[in-house]
Amino acid sequence: MARLEWSESYSVGVPRLDAQHKVLIRVINQLEEERRTGGLIVSVFAELRRYVREHFRDEEAMMRAAGYADLEAHIQGHRQFEEWLTSIEMVYNSGGASAYYIAESVHDFLKDWLITHILAKDMAYKETLTGHIPG
């Protein structure tokens, strides 16, 4: 599977958020490497937890400060991601599924999240945030 690369078309116009989105691309690529080599994905979960904590906090604060109209729906999407992450970690830690299957599921989910959330839902706030939040 090809490595994902950052493209300026992914930019939401806020350097801090773009940098955080680049972290997600790096995590997706790391996960693909772990899956390909049969490596452990525990470090991927730790990185995702850090990403979620920092990125969702920053993004929600910026949207709130800018008066983004669709804030509550956006926050709900973040909470669904957090619930998914908790669930998949529990399955992984319980040994209820093979590590390869978990890695594949997480990889597919994150790629879908990148496309549907960042490239669609995050782009919806681009104009609002770039007009209110300094880079």
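The values are calculated or read from the model by the stated rules, or taken from the named source; none is laboratory data. What you are looking at is a predicted structure, and each value in this text was computed from that prediction instead of being measured. All Cβ positions, even for glycine, are placed from backbone atoms using ideal geometry, and neighbour counts span all protein chains on display.
Okay, residues lined up against (1) surrounded by 16 or more Cβ atoms within 10 Å (Cβ to Cβ); (2) at pLDDT 85 or above:
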position: Ser9; (1), (2): no, yes
position: Lys22; (1), (2): no, yes
position: Val27; (1), (2): yes, yes
position: Arg35; (1), (2): yes, no
position: Gly38; (1), (2): no, no
position: Arg49; (1), (2): no, yes
(request) Test each condition in (1) of a type in the set (Gly, Ala, Ser); (2) over 20 Å from His132 (Cα atoms); (3) in a helix (DSSP H, G or I) for Ala19 and report the one that comes out false. (result) (2)
(message) Take the conditions assigned to a helix (DSSP H, G or I), under 26 Å from Ser9 (Cα atoms), more than 12 Å from the chain's Cα centre (by Cα) and of a type outside the set (S, T, N, Q) and apply them to Asp58. Does it pass?
(response) yes
(request) Consider Glu54 carefully, then state whether it is closer than 20 Å to Lys22 by Cβ, surrounded by 15 or more Cβ atoms within 10 Å (Cβ to Cβ) and out of contact with any Leu (no Cβ under 6 Å at 6 or more places or on another chain). (result) no
(request) Take the stretch 108-124 and flag every residue that is more than 10 Å from the chain's Cα centre (by Cα) and touching a residue at least 12 places away in the same chain (Cβ under 8 Å). (result) Leu119, Lys121, Asp122, Met123, Ala124
(message) Which of the numbered conditions does Ile28 fail, given that it passes all the others? Conditions: (1) in a helix (DSSP H, G or I); (2) over 26 Å from Glu5 (Cβ atoms).
(response) (2)
